[in-house]
Amino acid sequence: MKLKLKKQWTIRQTALQTFNTTLLRETDKLNEFKIALKNRFQALQNLLKEEETTIKNKWEEIKGALTSTCQELLSCKKHHHQE
C-alpha cells in the first residue's frame, strides 16, 4: 500500500518575493505603477540630498521603495504546488 504525503510548505521571510508583473500589461495599471514609483523616488531623492549616506544605505532605500510600491499595486504571484 502506497501513501502520498502532502508537502509542508513553509513561508520564510527570507524567501524571494515574486510579484504578478502580468498586471503591468494593462495600460491603466502600468500608468498607475509609474506614477506611484515616480512619487516614491521623488521623495527619496529629496531625503537623500539632505543626508550624507553610503551606497549601501541608498540601495536599501531604493529597494524598499520599489518593493513597497510593488506590494501596494501588484499582488504577489501565487504558487501552485503539486500535491
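Of all residues in the stretch 1-42, how many are modelled with pLDDT of 80 or more and either touching an Asp or Glu at 6+ places or on another chain (Cβ under 9 Å) or aliphatic (A, V, I, L, M) (or both)?
Here the count works out to 6.
Within the stretch 44-69, take every residue that is part of a helix (DSSP H, G or I) and at pLDDT below 80 and give me the one that is farthest from the chain's Cα centre (by Cα). Quick ask: steps written out before the conclusion?
The first filter runs over the stretch 44-69 and keeps only residues part of a helix (DSSP H, G or I), leaving 44-50, 55-69.
Subsequent filtering for residues that are at pLDDT below 80 retains 44-50.
Working: Leu44: 17, Gln45: 20, Asn46: 22, Leu47: 21, Leu48: 21, Lys49: 25, Glu50: 26 Å.
Only one residue tops the list, namely Glu50.
The values are calculated or read from the model by the stated rules, or taken from the named source; none is laboratory data. Since this is a predicted model, take the numbers as computed values, not measurements. Positions of Cβ are generated from backbone atoms using ideal geometry, with glycine treated the same way; all protein chains shown enter the neighbour counts.
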